[in-house]
Structure formats: C-alpha cells, structure tokens
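Contents: one structure, followed by commentary.
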Amino acid sequence: MTTLIQLEIMRTLRNKRYLMFTVLYPALLYVFFISAYSGGSVAGGIPAKSYFMVSMATFGAVGAVLTGSAQRISLERKSGWVRQLRLTALPGRAYTIGKIASCAVTTLPAIVVVFVIGGFEGVDLSAAQWLGLGLALWLGSFVFAALGVALGYAAQPDAVQPVVMIVYMLMALFGGTWFPVGDSLKKFARFNPVYLYNQLASFVQPGHSPDIAAMAGLAGFLALFVAAAAHLYRKDTKQA
C-alpha cells in the first residue's frame, strides 16, 4: 500500500493541470479578492485578508482531492488498471485507504502557497496558530478525499468530470468560499461539508475557540464518505 501511495503522489505532483488549477488558481483568486476589498473586512468584521486566506486554501484543497481522485479513478476504471490491481494481493480496503491518503497529501501545496501569500500580505497569527490552522485544514481535507473516491466509482467514467465540478462548485458557493454565509442560511449550511471545513479556522479569531460542532460534523461526513467509497468499490468489483 505504501508503494501505491508514493506512486499516486508522484503522479499528481507531475501533473501540470494539478499545479495550475489547485495551487496557482486559488493563490491568484486570493490576491484578486484582497485587492477587491482593499484591505477591508467582510461581513462580520473579519479582515478580508484572513477570511479569503482560509477560504482559498480550502478551495484549493477540496479541488485537489475531488478532481484529482475522482477523475484519476475514472480513467483507471476505463483503462482497466483497477481490474489489474484486483488481480494482485492488494486488498480493496488498502486500495481505498491508499487513494484517500495519497490525495490528502497533495492538498499541502494548495494550503501552503496561499498561507505564504497571506503572511506576506500581513495576516498576523502566532506560530502556534499558523501550525494549528494548517494542521486543521490538512486533516479536514481527508473528508473530501473520501468523497472524491466515492464519486470516482459512483459516476460513469465519461461523466465524472461534470459531476465533480457541479458538486465542487455548489458546495463552495453555499459553503462560505466566496462570501460569508448569512445567519438565515447557517442552519442549512451545517449540512454542507465545505462550510464545516471553513469553520475549522474560527479558533484563530479573537475570543473564539475551536468549533467542536464543525469537527463532529466533518467526522460524520468522513465516516459516511468512506463507507460510500468502500461500498461503491465492492459494487464495481462485482460488475467487473
């Protein structure tokens, strides 16, 4: 399984589309948003530089694992690579875990690049807050890595890309990626994993503690998506 994870990481990091759309694109959007707000604040009084640093880091991280894992799995199913792996001693559980782990590792560049720009732009956090925030966002990305694996097996290979993009954009739109979620929508946003993901950063705001409800919600989504991925993998095995 370790060899599979290493192979998946190397394949992703060599992918120019990955570097463009999940690392550079969120970084450019971050610069655009903070320029548009001219150093001001978003609704709720949160500095725009801090707010969009988190939302663009999560945007890049979700994009890295969703598009990367789902589309790669669809191509592997189409080419017969998954069928070849089933003929080896690698169990299905190890394959699924390996996919999730390798995808989550590739979220780090998307998070780090935006954080570096945020630091240069004047986002003021302590060393512990930088480390805690980075760790929280990285661990949270496992939820979307599991979702990406599930979508890779749920959709037909030729339909995976539009399905992933629709899911990705809808979750971002109503999850606080582009603008803060209003009070009237928060009760619905709690059912959106991207909103919960963005809430992981709330502890860096003065007077705020870690959002335990968001952590619990993400843990629930992780269990749900892992179970779905495992079920769909077994179903695909029976149909092969």
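The values are calculated or read from the model by the stated rules, or taken from the named source; none is laboratory data. In this text the structure is predicted, and so the values were computed from the model without any measurement. The area values use the complete protein model at the heavy-atom level, side chains included, leaving out ligands, DNA and RNA. Shrake-Rupley method; radii C 1.70, N 1.55, O 1.52, S 1.80 Å.
A few points about this structure:
- Cα gyration tensor shape of the range 93-240, rounded if a/c is under 1.5, else prolate or oblate by comparing a/b with b/c: prolate
- For Leu28 and Leu75, the difference between the fully extended length at 0.36 nm per residue and the C-alpha to C-alpha distance is 14.0 nm.
- The mean accessible area for residues of the range 96-193, using a 1.4 Å probe and ignoring ligands and nucleic acids, is 45 Å² per residue.
- Amide H to amide H distances under 5 Å link Ser41 with Ala48, where only residues 5 or more positions off or on other chains count and H is placed in the peptide plane.
- Surface share of carbon and sulfur [accessible, 1.4 angstrom probe, percent] for the range 139-240: 70
- Here the Karplus relation 6.51 cos²θ - 1.76 cosθ + 1.60, evaluated at θ = phi - 60°, turns the backbone of the range 174-186 into coupling constants of 9, x, x, 6, 9, 7, x, 6, x, 4, 5, 9, 5 Hz, with x for every Gly and Pro.
- Gain in span if fully extended, Val163 to His231, counting 0.36 nm per residue against the direct Cα distance: 22.6 nm
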